[in-house]
Amino acid sequence: MEKEIIESWAASVPLSNLGEVQANEEIWEEQDGGAHFKLTRHRLPLPSKQEVIGMSISGDPLDRKRVIQDFKAVLGPIENGDISLKDPHHVDVIVWLVTTQ
């Protein structure tokens, strides 16, 4: 996935409160090749210039790996993740802690 698409879409997802269930408009859901992902943005419950971006991704392991690498190239290193790229039935859950302006 192109860097500009990730930057634009990730920035356009409305912030939700950490720990709350997101409304449909607070989720970026996309099929990219054989990978399906959902991305959300969350504000931290304290004064901070950081936010949490969470992504769940399922589907073909090779496509999941490619999509994860594309997002890491834009959002930076992963803070935490449950990644099992060898299991085609696994849902990877990834978290980034991002500093905002």
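How big, in percent, is the set of alpha carbon pairs in region 1-45 lying more than 15 Å apart?
The share of Cα pairs beyond 15 Å in region 1-45 comes to 47 percent.
DSSP beta bridges in the chain, what fraction antiparallel, as a percent rounded to 5?
Percent antiparallel among DSSP bridges in the chain is about 90.
Straight distance only, please: which lysines reach the Cα of Lys65 with their own Cα at less than 18 Å, same-chain residues fewer than 8 apart left out?
Here the lysines satisfying the reach criterion relative to Lys65 are Lys3, Lys38, Lys86.
Taking springs between alpha-carbon atoms closer than 10 angstrom, which of Leu46, Leu85, Leu15 fluctuates most in the Gaussian network model of the chain?
Leu46
Using 0.36 nm per residue, how much length does the chain from Asn80 to Gln50 gain when fully extended, once their Cα-Cα distance is taken away?
9.3 nm
Using Stokes-Einstein with the Kirkwood hydrodynamic radius over Cα pairs, what translational diffusion coefficient do you get for the chain at 25 °C and a viscosity of 0.890 mPa s, in µm²/s rounded to a whole number?
Once the numbers are plugged in, D ends up at 178 µm²/s.
Just so you know, all these numbers are worked out from the coordinates, no wet-lab data involved. Given the structure is predicted, the values throughout are model-derived calculations rather than measurements.
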